[in-house]
Structure formats: C-alpha cells, structure tokens
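Colleague: Have a look at this one.
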C-alpha cells in the first residue's frame, strides 16, 4: 500500500486513533492489532448496508492467539477480538505518532493472519446466494422441487454430488470473496446451520478471503476465509458489541 493515510479503508496498516488508550486489549491485557478499517465515507453513496455514510468501523484481533481472535463457541464471547465504531473520526494524533507508539509496544505479531497492508476500494455489485450459506438448502430446495417435480429432493446435499456440483458452482464466484454485505461463503459448513442462536446473526458485515498482493498477504489457515456477521437490528442501530466472527479453511 502506497501513501497510507490514517482515515482510509484498509486491511492491516496504521489504525485511526483518538487516543492511544483506545487500542483494545485481549484477554491477557495485550494490545490487539488492527485487522480491518472501513471508512464509511469511502462507500458508494447508493450502498444500503449501513444506515449512515459517516464514521470509521474497525475490527481488531489478538496478536497472541493462534485462532486469530476467534472464540470457541462463536456466541458473543469475543474476548480476543473487537468491533469498534468511531462516529466522529477527528484526532490530534498523526499517522507517524501512532506508528511510533505501536513500535514502542514491541508487539509479537507472529500469530496474526496478515503481513503488510492493503488499501480497499469499494464497488456495488449483485450477488446470488452462496451454496455454503445454510439458507441455500432451504431456499433453493424449494425452487428446485418446483422446477423439477418429478425429481423432488429432500436436500440439495442429499447424495447427488455429481449433479449438484455444477449447480453449486453456479452460485460460487471465481474471484476472492472480499465483501461487505451479501451472502457469506464458508470453506466448510456454515456455523449457523444447526444453531438457532447463531442464526440470529443474519447480516454479513465483513468477509475477508485469503489474498496475496505483492509483498502483502492475508492467509486464513490453509487459504481459508473469515466472516463477521451481525444482527440486522444491531446494524440498523449501528451497534457492534455483539457479533459472530469465524474463519475456516478446507
């Protein structure tokens, strides 16, 4: 990333801070690291995910957790990660001030999934449901049985793998799934599939795929993918203290 600025949208890099005390601490009182920063002012005006186009949203993770801050049961116990919304991003600190402070912390960043930093550019696009979203088996099953009444199925994953693979591929993008909003993609099973509590997290806030660009990279395990999901009601209220953060790999 060239000519980094403090307020820009980015993966990694220097976080916007009003005060050094704003750096979140993990369960061992160790300062976390910035994984992603979204400046809502950078989003297209026509976006419908957030009710506002102002402020900065940050996602922080522990730098000393081999699970990259993911909690074991995914149900709100996010002690090693943090979502932070800064409504008015005004500060007296410069990028160099923050850079010097973070360097003085001498953090051990061996247990983080990224190196370097990426700038982010946004564009609006349409997306069909992914075949790993738990709702795929519900919504598309009804459509399949309506179109194919003589070959009705009980599940889209009911043993017809050769038949269903091209159907699934139709709903799978060929490029990395880096997105705000839309439908989530999982390398394995959707964690919400058999969990009514987790199904309450019904909106994709941020999805980050394993990506390489020059000397910068973000790799989730064995080229996996990460998701942060929130409840629709919380998103409408710009409330970010309750979320489901997960990552998996094949």
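The values are calculated or read from the model by the stated rules, or taken from the named source; none is laboratory data. Everything quoted here is computed from the prediction, not taken from an experiment. FYI the Cβ positions are ideal-geometry reconstructions off the backbone, even for glycines, and counts take in every protein chain you see.
Colleague: Step by step: first the residues of the range 110-123, then only those that are loosely packed, with under 15 Cβ neighbours inside 10 Å and more than 15 Å from residue 207 (Cα to Cα), then the one that is modelled with the highest pLDDT. Which residue is that?
Modeller: Residue satisfying both the conditions and the ranking: 115.
To keep it simple, each residue is scored yes or no on (1) farther than 25 Å from residue 37 by Cα; (2) buried (at least 16 other Cβ atoms within 10 Å of the Cβ); (3) at pLDDT below 95.
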{"position": "213", "(1), (2), (3)": "no, no, yes"}
{"position": "219", "(1), (2), (3)": "no, no, no"}
{"position": "229", "(1), (2), (3)": "no, yes, no"}
{"position": "236", "(1), (2), (3)": "no, no, no"}
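Colleague: I'm trying to understand the selection: among the residues of the range 174-221, which are more than 17 Å from the chain's Cα centre (by Cα) and outside any strand (DSSP E or B)?
Modeller: Residues satisfying the conditions are 174, 193, 194, 195, 196, 197, 214, 215.
Colleague: Yes or no: the range 26-43 includes at least one residue that is within 21 Å of residue 230 (Cα to Cα) and in contact with a helix residue (DSSP H, G or I) (Cβ under 7 Å, 6 or more places away or on another chain).
Modeller: The answer is no, given that none of the residues of the range 26-43 is within 21 Å of residue 230 (Cα to Cα) and in contact with a helix residue (DSSP H, G or I) (Cβ under 7 Å, 6 or more places away or on another chain).
Colleague: Something else: Can you tell me which residues in the range 87-101 are closer than 14 Å to residue 14 by Cβ and either free of Cβ contacts under 8 Å to residues at least 60 places away in the same chain or not in a helix (DSSP H, G or I) (or both)?
Modeller: Within the range 87-101, 89, 91, 93, 94, 96, 97, 100 qualify.
Colleague: Here's another thing I want to ask about it. Here are 7, 39, 80, 29: which of them is surrounded by fewer than 20 Cβ atoms within 10 Å (Cβ to Cβ) and either within 26 Å of residue 233 (Cβ to Cβ) or touching a residue at least 24 places away in the same chain (Cβ under 8 Å) (or both)?
Modeller: Sole residue among the options that is surrounded by fewer than 20 Cβ atoms within 10 Å (Cβ to Cβ) and either within 26 Å of residue 233 (Cβ to Cβ) or touching a residue at least 24 places away in the same chain (Cβ under 8 Å) (or both): 7.
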